[in-house]
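Please treat every number below as a calculation from the coordinates, not as lab data. Being a predicted model, the structure only gives us computed values, none of them experimental. All Cβ positions, glycine included, derive from the backbone under ideal geometry; neighbour counts span all protein chains shown.
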Amino acid sequence: MKLLTTITLGVAIIGGAAHAVPSGEYEFRGEGLGTATVTGSDFSMGFGISGCSGSIDGTIKPAGTNTWKVFAPTSSGETCEVTITHQGDHYSLAPSYGCTSFSGASCGMSGRITPIAGTPMAEAASDMSVLAASFRSQTPDFRKRMQQNLAAKGHYRGPIDGAYGPGTEGAILAAAETENIDLGNNDGIALMLGKLISGQ
């Protein structure tokens, strides 16, 4: 049950209800390699490749559904902005402007961050990948039926299109929590999706 709680918290946050990127350690991959740390609203990241390296420390603020911005003041008085967008099992990073003082002009912070393997967040992300694959393996009609039943239960407010995204994932997790179904294993996932298809 502890894993389900961790997963539910992560998705509730990702979906925008708590307006925060989950705290934890992340691996950065982009023009360079590095690590990132999120602690509440604080964001820090260091990265490098041959001939170029950089680091950033800033504050995360919500900027829309599944989107946040890191604001980091520079020594020249400007502000570097990096947009963070949730993309399923990872977050994409896109510097908006004013960030070259942190990395130089020859490399940048564009890329993705994913939870570091072996951490509770990474385990939760892995379980969500299994849930996503199980949902997507269903027929288009079954996927839409699950969304309709999630909407009828008050968990889903998105379009009935059969697509799997943060809204559908969050709704499935909310339904599983309501029904006390553990989605940390294949049997629990099969049980939950079966209930949603049949409308139970």
message = Pairs of alpha-carbon atoms within less than 8 angstrom and 6+ residues apart define the contacts here; what relative contact order does the stretch 120-198 have, in percent?
response = 34
inquiry  = Looking at the calculated P(r) for the stretch 120-198, what percent of the C-alpha pair distances fall above 21 Å?
reply    = 16
task = Give the long-range amide H neighbours of Ser96: residues separated by 5 or more places, or on another chain, with amide H under 5 Å away, using H modelled in the peptide plane at 1.01 Å from N.
result = Glu81, Val82, Thr83
remark   = Note: Ser96 to Lys195 extended length (0.36 nm per residue) minus current alpha-carbon separation gives 31.3 nm
ask   = Per residue, what volume in Å³ does the convex hull of the Cα atoms of the stretch 23-115 enclose?
value = 81
inquiry  = Under 5 Å between amide hydrogens, which residues at least 5 positions from Thr35 or on another chain qualify, with H placed 1.01 Å from N in the peptide plane?
reply    = Phe28, Gly46
ask   = Under a plain spin-label model, where a point goes 7 Å from the Cα along Cα-to-Cβ, how far apart in nm are Phe142 and Arg157?
value = 2.9
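First measure r as the distance between the Cβ atoms of Ser23 and Val130, then evaluate 1/(1 + (r/R0)^6) with R0 = 25 Å and state the FRET efficiency to the nearest 0.05.
On the way: r = 23 Å, r/R0 = 0.94.
Working from the Cβ atoms, E equals 0.60.
Within a 10 angstrom radius of the beta carbon, how do Ile56, Ile181, Ile116 rank from fewest other beta carbons to most? Walk me through the intermediate numbers first.
Numbers: Ile56 22, Ile181 18, Ile116 14.
Exposure proxy ranking, most exposed first: Ile116, Ile181, Ile56.
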